[in-house]
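Notes to accompany the following structure.
The values are calculated or read from the model by the stated rules, or taken from the named source; none is laboratory data. What you are looking at is a predicted structure, and each value in this text was computed from that prediction instead of being measured. Positions of Cβ are backbone-derived with ideal geometry, glycine not excepted, and every protein chain shown enters the neighbour counts.
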Amino acid sequence: METPISVEALLAQAQRYDGQPVAVEGQFIAMFSKAFISAPRESLELTPERPRIRLEYPNIEDRCFQVVSAYVGGPWYYNDPAVVRGRFLAGPEPRLVELSELIIRRPDAEHRVAL
């Protein structure tokens, strides 16, 4: 398996990786049917300037619910360190498609989400 690349490094070399399978390490954020892998959090907010890549996978949060509990009482279901594998598309809104693996890292364990 290839070594994961950070969100910032991938975005800095977006054209080089466009259309390629990649493993990306960052902060997995899922909320209201939207999911991203972003630069590691300095705060809990997902601000417009925070580097991020959209994850395109229908109902990804439902898959996550089956494996690891969601946070409650906040603006997001998940905000955890993670590694995700898929095909990178640079475009105007960078995104990962054809996801094959999501590993959510919590202090107690790594949780592999079947995709």
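What strands (runs of 3 or more DSSP E), lying completely within the stretch 50-115, carry at least 1 residues that are in contact with a strand residue (DSSP E or B) (Cβ under 9 Å, 6 or more places away or on another chain) and farther than 16 Å from GLY26 by Cβ?
On the way: elements: 52-55, 78-89, 95-106, 109-113.
Fully inside the stretch 50-115 and qualifying: 78-89, 95-106, 109-113.
Taking ILE37, is it aliphatic (A, V, I, L, M), modelled with pLDDT of 95 or more and either in a loop (DSSP other than H, G, I, E, B) or farther than 20 Å from LEU11 by Cα (or both)? Here the answer is no, as ILE37 does not meet what is asked.
Among all residue pairs at least 6 apart or on different chains, which show Cβ distances below 8 Å where the first residue, located in the stretch 69-85, is within 22 Å of VAL7 (Cα to Cα) and the second is assigned to a strand (DSSP E or B) and of a type in the set (Lys, Arg)? Within 8 Å, the pairs are ASP80/ARG105; ASP80/ARG106; PRO81/ARG105; ALA82/ARG105; VAL83/ARG105. Scanning the stretch 40-58 for residues that are modelled with pLDDT under 95 and within 11 Å of the chain's Cα centre (by Cα) yields a total of 2.
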